Amino acid sequence: MTDTISISLKVNGVQYKKDVEPRLLLSDFLRHELDLTGTHVGCEHGVCGSCTILLDGEAVRSCLIFAAQADGCELTTVEGLAQNGKLHPLQEAFREAHGLQCGYCTPGFLMTLIPFLKENPNPNEAEIRDALSGNICRCTGYQNIVKAVQLGAEKMK
Amino acid sequence: MKPPSFQYHAPKTLAEALSLLTQHGSDAKVLAGGQSLVPMMNFRVAQPAILIDINRIKELAYIKDGNDGLRIGAMTRQRTVERDANVAKRSPLIHETMPHIAHPQIRNRGTIGGSIAHADPASELPTVMLTLNAKLLAKNAKGERWIDAQDFFVGLFTTALEPDEILAEIQIPDLPARSGYAFEEVARRHGDYAMMGAAATMTLDENGKCKDVRLVFLSVGETPLLSSSAAQALIGNKPTPELIQSAAADTDITPSSNIHASERYRKHLANVLGKRVLTKAYGRVATDR
């Protein structure tokens with residue numbers, strides 16, 4: 001019934017061209033149209049942070065953007081972190097420091113932290129907690145996530 | 001949790017957007033950063049038939065020096081405003097307020113104009129605009145007009161903008177000499193909607209007496225609220241700690257109870273925060289002199 005819009009965008013270095021309904025959220029586009037199911041959908045109103053991805057390098061909520069708006073943009077999802085089968089140092093740090101339990105929120109945490117650690121490679125604990133304030137984890141109590149970020153910051157140097 | 005269908009337009013120029021808005025009127029909704037509108041659409045609280053996405057209009061994103069203040073394009077991202085050295089220097093109240101707005105991911109996408117035009121009384125930017133009495137430039141296909149912040153916020157999520165108008169620019173007047181400022185809020189978790197918040201500016205005369213003061217509260221009614229009692233108590237007097245205490249305690253606000261806090265507690269917070277921002281604003285005049 002609704003007209004579709006043709007969009008062309010790059011996700012994790014791969015160029016895609018698709019026709020989308022205007023109301024299709026970017027989070028659903030990534031999951032259902034591109035089968036990139038690493039981007040998780042939690043609250044769908046911008047509170048939980050689990051759908052965080054990078055849009056032209058900045059961390060954003062993919063549930064609050066329409067796929068049509070990403071036309072011409074470069075996106076990175078959690079699938080874009082590991083290179084040649086080797087985990088990103090931050091992913092390794094989350095594993096080593098037990099920075100996750102069920103793992104549902106983890107992709108959002110990782111994608112929030114990538115630009116944060118790029119901008120601030122030596123964060124103190126208060127800065128880390130502030131950076132994580134927009135991501136909700138219901139298992140860990142955050143202690144080990146903070147440790148994972150500290151470890152990840154070391155590994156990324 | 002999926003938005004209903006709508007017709008989507010993504011004009012590249014303001015002229016194009018204004019012509020679409022003239023054509024569709026109140027059937028259309030303007031999509032700025034979308035950090036409030038898209039959640040409302042996901043909940044189907046908002047169901048616009050037509051969405052005019054103004055994110056591709058480059059001419060609306062800028063921070064410039066004006067003659068007597070900063071000029072900020074409505075589509076400037078909140079994160080850009082937060083990081084801008086000129087904003088920090090020329091409008092430190094805005095700089096101090098930005099980190100309180102939601103979370104970094106939201107500020108990366110949210111815009112200054114979007115938040116002002118959304119006019120949520122619990123939001124920080126409308127409160128600060130009223131404190132600074134910013135001037136807001138509304139444009140339609142026929143022309144433009146300036147609206148003072150004190151005339152802009154007319155009700156709950158309601159502004160003085162007509163259905164065919166877009167907020168294009170925000171002008172932040174420079175604070176006069178011998179002025180101080182402050183913003184504070186209390187939220188359950190950092191980045192959540194505040195249970196109470198207050199912003200203040202204060203200007204002293206040559207003798208150290210209060211020449212002008214603006215104390216504004218967020219989340220106490222349908223719009224940000226300018227306290228008249230603070231001005232009555234302080235103007236013409238030297239702002240002693242006792243006078244500041246009574247200026248903040250005597251505010252004429254009546255917050256309502258909600259799920260997060262009772263009326264009594266929120267009134268208590270208003271008094272505490274009012275005192276804090278007035279004290280801080282006064283302290284900053286002294287140190288800046």
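Laboratory data are not the source of any read-out in this text; all were calculated from the coordinates shown. Source: prediction; values computed, not measured. Methodologically, a virtual Cβ is constructed for each residue, glycine included, from the backbone with ideal geometry; neighbour enumeration extends over all protein chains shown.
All C-alpha pair distances within segment B:7-53, sorted into 10 Å bins from zero, spread as 29, 54, 18, 0 percent across the bins.
From zero outward in steps of 10 Å, how is the percent of C-alpha pairs of segment B:179-283 spread across the bins? For segment B:179-283, the pair-distance distribution reads 17, 50, 25, 7, 0.
Listed values for segment A:12-25 are Karplus-derived 3J(HN,Hα) couplings in whole Hz (6.51 cos²θ - 1.76 cosθ + 1.60, θ = phi - 60°), namely 6, x, 9, 7, 10, 10, 9, 9, 10, 6, x, 7, 5, 6, and x replaces Gly and Pro. Ranking B:S257, B:A177, B:A102 by Cα position along the charge dipole of chain B, where only Lys, Arg, Asp and Glu carry charges on their C-beta atoms, puts B:A102 farthest toward the positive end. When you count the other C-beta atoms within 10 angstrom of each residue and take the mean per peptide, A:33-41, A:56-64 line up highest first as A:56-64, A:33-41.
The order of the peptides B:221-232, B:254-265 by mean Cβ neighbours within 10 Å, most packed first, is B:221-232, B:254-265. Normalised by the number of residues in segment B:179-283, the mean separation of alpha-carbon contacts (under 8 Å, six or more apart) gives a relative contact order of 31 percent. Full extension of the chain segment joining A:A126 with A:C102 gains 6.2 nm, where the gain is 0.36 nm per residue of separation less the Cα-Cα distance.
Overall, the anisotropy analysis places chain B in the prolate class: the square-rooted eigenvalues a ≥ b ≥ c of its C-alpha gyration tensor yield a/c not less than 1.5, with a/b exceeding b/c.
Under 5 Å between amide hydrogens, built in the peptide plane, is the criterion, and for B:D148 it picks out B:L136 among residues at least 5 positions away or on other chains.
Each Lys or Arg adds one and each Asp or Glu takes one away; over the other residues whose Cβ falls under 14 Å from the Cβ of B:H118, this sums to -1.
Lysines near B:K211 by alpha-carbon distance under 25 Å, same-chain residues fewer than 8 away left out - which ones? Partners within reach: B:K89, B:K135, B:K238, B:K275, B:K280.
3J(HN,Hα) couplings calculated from phi for segment B:253-260 with the Karplus curve 6.51 cos²θ - 1.76 cosθ + 1.60 (θ = phi - 60°) are, in sequence order, 9, 9, x, 8, 6, 9, 4, 8 Hz; Gly and Pro show x. For the protein assembly as shown, the share of DSSP beta bridges that are antiparallel, to the nearest 5, is 85%.
A Cβ-based charge dipole, computed about the Cα centre of segment A:5-80 with Lys and Arg at +1 and Asp and Glu at -1, lands at about 20 debye.
Charged side chains reduced to their Cβ positions (Lys and Arg at +1, Asp and Glu at -1) give chain A a dipole of some 420 debye around its Cα centre. Counting only DSSP beta bridges whose two residues both lie in chain B, roughly 85 percent are antiparallel. A simple count of charges around B:V272, restricted to other residues whose Cβ falls under 11 Å of its Cβ and scoring Lys, Arg +1 and Asp, Glu -1, yields +3.
Working from the Cα coordinates of segment A:76-157, the gyration tensor eigenvalues give, after taking √(5λ), semi-axes of 17, 15, 12 Å in decreasing order. Using the Cα gyration tensor of the protein assembly as shown, with a ≥ b ≥ c the square roots of its eigenvalues, what is the shape: rounded (a/c below 1.5), prolate (a/b larger than b/c) or oblate (neither)? Here the protein assembly as shown falls in the oblate category.
For the segment A:56-67, counting C-beta atoms of other chains within 10 Å of every residue's C-beta and taking the mean gives 6. Ranked by the mean number of other Cβ atoms within 10 Å per residue, highest first, peptides B:269-280, A:76-87 order as B:269-280, A:76-87.
Peptide A:133-143 shows a mean partner chain C-beta count of 2 within 10 Å per residue C-beta. Of the residues A:Q101, A:G49, A:V60, the one whose Cα sits farthest towards the positive end of the charge dipole of segment A:48-157 is A:Q101 (charges of +1 on Lys and Arg Cβ, -1 on Asp and Glu Cβ, taken about the Cα centre). The phi-based Karplus calculation (6.51 cos²θ - 1.76 cosθ + 1.60; θ = phi - 60°) puts the 3J(HN,Hα) values of segment A:147-157 at 4, 5, 5, 4, 5, x, 4, 5, 5, 7, 6 Hz, whole numbers, x for Gly and Pro. Taking other C-beta atoms within 10 angstrom as a stand-in for reagent exposure, A:D130, B:D27 fall in the order B:D27, A:D130, fewest first. Projecting label points 7 angstrom from Cα along Cα→Cβ for A:Q143 and B:H268 puts them 3.1 nm apart.
Counting Cβ atoms of other protein chains within 10 Å of each residue's Cβ and taking the mean over peptide A:45-54 gives 4.
Placing +1 on the Cβ of every Lys and Arg and -1 on the Cβ of every Asp and Glu, with nothing else charged, gives chain B a dipole about its Cα centre of roughly 760 debye.
Where a Cα-Cα gap under 23 Å defines reach, which lysines qualify for A:K118, not counting those fewer than 8 residues away within the same chain? Qualifying lysines at Cα under 23 Å: A:K10, A:K86, A:K147, A:K155, A:K157.
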